[in-house]
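What follows is a single structure, written as structure tokens, with notes after it.
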Amino acid sequence: MGSAAFGAAEQFIEGTIAAALVALWLLAIAMHLGRPYMLAMTRKFTLRLGADLWWTIYVGLRDVLLLQVFLGSFIFFYPDVVGKNDLPITGGLAGAVAFAVLMLKLMTKGDSNARSFQLQTFLLGLGATLYLVPYVLGSQVTTVSSSIAAQLASVLVSSQNPTWALILCYVSQALVGVMGLVAVLYNLRLASPSLSKADAGAVGQPATQS
């Protein structure tokens, strides 16, 4: 009895996260595409402090929303979860794409780099498509009694297509793992020169010696 109740509660939480990710993806895209409007609003402030606060709050909310998308997508990195729940089969790939956007923000100049911003826009659109299409056409039609709905669900729903669901789960894990390693190495590479200079300055010696 206890294990059944625990299993039901677990499925409810996982289903709630999957449904919440729909809103989070849409909000993340809306905040990203709303950048020109936010920039225009900063020019209407008479005080520089107000403009700085407005822009800081906007950038913070935009990036926090994207981080929430990635954290919510963690349920797609567990094989047992995707195998027993009616989840979008490409949800893990969408989470990996969200992580790729976060990496671009880390490793480039962000909004000031036009090419990086365009690539972020493309990746956000790709991630939203990978999540929303199988969720709407797959997970949401599992209760519809029709042959077309059954065919869509058999392809797009993880529990009804477990073989591909597990393959995509492991591929998503590998992608996030590789990108995470690259991000760690990038941060270590940035930190090393600054630490060397700080240490050299502490003893009154140059950072590099020939």
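Taking the criterion of being aliphatic (A, V, I, L, M) and over 20 Å from residue 95 (Cα atoms), the residues of the stretch 1-23 that qualify are 1, 4, 5, 8, 9. Filtered by the rule that a residue be surrounded by 15 or more Cβ atoms within 10 Å (Cβ to Cβ) and not small (Gly, Ala, Ser), the stretch 49-66 gives 54, 55, 58, 59, 62, 63, 65, 66. When the stretch 103-139 is limited to residues that are touching a Gly at 6+ places or on another chain (Cβ under 8 Å) and of a type in the set (Phe, Trp, Tyr), the one that is nearest to residue 189 (Cα to Cα) turns out to be 117.
Is it the case that residue 93 is in contact with a Gly (Cβ under 9 Å, 6 or more places away or on another chain), in a helix (DSSP H, G or I) and without any contact (Cβ under 8 Å) to a residue 40 or more places away in the chain? Explain how you work it out, then say what you get.
Numbers: in contact with a Gly (Cβ under 9 Å, 6 or more places away or on another chain): yes; in a helix (DSSP H, G or I): yes; without any contact (Cβ under 8 Å) to a residue 40 or more places away in the chain: no.
Spelling it out, it is not the case that residue 93 is in contact with a Gly (Cβ under 9 Å, 6 or more places away or on another chain), in a helix (DSSP H, G or I) and without any contact (Cβ under 8 Å) to a residue 40 or more places away in the chain.
Among the conditions (1) modelled with pLDDT of 95 or more; (2) in contact with a Ser or Thr (Cβ under 9 Å, 6 or more places away or on another chain); (3) within 25 Å of residue 186 (Cα to Cα), residue 100 misses just one, which is (2). Residues of the stretch 82-107 that are under 13 Å from residue 63 (Cα atoms) and of a type in the set (D, E, K, R): 105 alone. Scanning the stretch 1-48 for residues being among the charged types (D, E, K, R), more than 18 Å from residue 73 (Cα to Cα) and surrounded by 13 or more Cβ atoms within 10 Å (Cβ to Cβ) gives a total of 1. Checking each residue in the stretch 137-172 for being surrounded by fewer than 17 Cβ atoms within 10 Å (Cβ to Cβ), of a type outside the set (Gly, Ala, Ser) and either under 27 Å from residue 104 (Cβ atoms) or without any contact (Cβ under 8 Å) to a residue 60 or more places away in the chain (or both) picks out 142, 143, 144, 148, 151, 163, 167, 170, 171.
The values are calculated or read from the model by the stated rules, or taken from the named source; none is laboratory data. Treat the numbers as computed from the prediction; the structure is a model and nothing was measured. Note: ideal-geometry Cβ built from the backbone for every residue, glycine included; neighbour counts use all protein chains shown.
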